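For reference, the structure discussed in these notes is given below.
The values are calculated or read from the model by the stated rules, or taken from the named source; none is laboratory data. All values derive from a computational prediction rather than experimental measurement. Heads up, the Cβs are rebuilt from the backbone with ideal geometry, glycines too, and the neighbour counts pull from every protein chain shown.
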C-alpha cells in the first residue's frame, strides 16, 4: 500500500473539521464517515488530532467543531526594552509551572521565532520554552489544561471531576469566569459558577481529575467584577469582609520590605515605639494564603493584629521550638533549659 503523504493527510483532516463546522448540532462518527468517505479508524485518528489542536470536542457520542480561528498578530515593532518585558513575562510563566505544559511551550517557541532581531529576547524566550519541556509530563494535565482554556475562550460549560484537598471527589458542571495564576504553590485557579452548589466557586487546576467540554454555552454575568474581585485577596481567596493585618518588621529586613509593594492596600510607617522597626498594614479578605509569606520572614516579623493570626503564628513558633529543642538539653551555663511554656508564657 502506497504511503499517504503529509499534505494529503492535512487536507483530509481539514475536510473533517470543515464538515463538522457545517453541523452545529454535531455528528456521530458513523455519520461523519458517511459524509467524508474516510475509513472509521483513520477518521478517529483525525478527530483525536483535531481535538489535541483545540479545533473539535466530543460530547456523548457526537463530535462538534469549535469556532476555531488561528490568532494572527498584525505586524508590530518592539524596542529592545519592550522585547525584554516579554522575556520577563515568559520567565515568570516558566517558573510558575512545575509540570510540562505543551500549549504554553509551543506558544513561547512561536513567540521566540517571531522575535528575529539580534536582541537576546528571542533566544532567551526559546530557552524558557525548553525549560518547560524539561518539566515532568502528566498526560491528564495537558488534556485538562486544554479543556479549561477552551471552555474559557469559547464560553462552553465544563463537566469536571474535582478532588478537594479534604473530602471526596465530586462531579459538577462549571462555567469559568476568570483564570488566575498564583505564585503560591506554583498553581492556577479558575473562578466561576459551579452547578453542584449553584454558586461561584474557586477551583485549583491541579485538583481537577477530569474535564470535558459540553454543548452548553454560558455568558459571564454583568455583576461579576472580574479582576477587581481579587483586589481584596492576598492571592486568590477573596470576599466582601476585610480584616486588617498589622505586622512589625525588624531592622534586618526593613529595607527589603520597603523595596516592594506587596498589596495594593498596604501602608508602611515607622514604629513609634521601636526605633528602626517598621509597621506594615494591609486589608485583606482572608489570611490563609498570606501565611506562607509571613512564615518566610522568620523571626524578623511579628504579627501584631489580628489576634487570631497572632495566635496561629505563636502556635507554629511553639511547635517549631518543640521540634528543634529535642536536640538541645542544656544552656551554655550548664543549666537545664526553661520549659517551652515558660518561654512562650500564657499568651
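Numerical summary
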item	result
Unique match (being under 19 Å from residue 289 (Cβ atoms), modelled with pLDDT under 90 and touching a strand residue (DSSP E or B) at 6+ places or on another chain (Cβ under 7 Å)) among 188, 202	188
Single condition residue 284 does not satisfy, out of (1) surrounded by 16 or more Cβ atoms within 10 Å (Cβ to Cβ); (2) more than 11 Å from residue 244 (Cα to Cα); (3) touching a helix residue (DSSP H, G or I) at 6+ places or on another chain (Cβ under 9 Å)	(2)
Some residue of segment 85-98 being crowded, with 18+ Cβ neighbours inside 10 Å, within 31 Å of the chain's Cα centre (by Cα), at pLDDT 90 or above and within 26 Å of residue 140 (Cβ to Cβ)	no
Residue within segment 153-175 that is assigned to a helix (DSSP H, G or I) and within 30 Å of residue 293 (Cβ to Cβ) present	no
Residue list for segment 24-42, restricted to those being surrounded by 18 or more Cβ atoms within 10 Å (Cβ to Cβ) and within 10 Å of residue 63 (Cβ to Cβ)	26, 27, 32
So residue 23, is it closer than 27 Å to residue 145 by Cβ and either part of a loop (DSSP other than H, G, I, E, B) or modelled with pLDDT of 90 or more (or both)	no
Residues (within 15 Å of the chain's Cα centre (by Cα) and surrounded by fewer than 20 Cβ atoms within 10 Å (Cβ to Cβ)) located in segment 147-164	149, 152
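Per-residue answers, yes or no, for (1) free of Cβ contacts under 8 Å to residues at least 60 places away in the same chain; (2) assigned to a strand (DSSP E or B); (3) surrounded by fewer than 16 Cβ atoms within 10 Å (Cβ to Cβ):
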| position | (1), (2), (3) |
| --- | --- |
| 178 | yes, yes, no |
| 214 | no, yes, no |
| 229 | yes, no, no |
| 257 | yes, no, no |
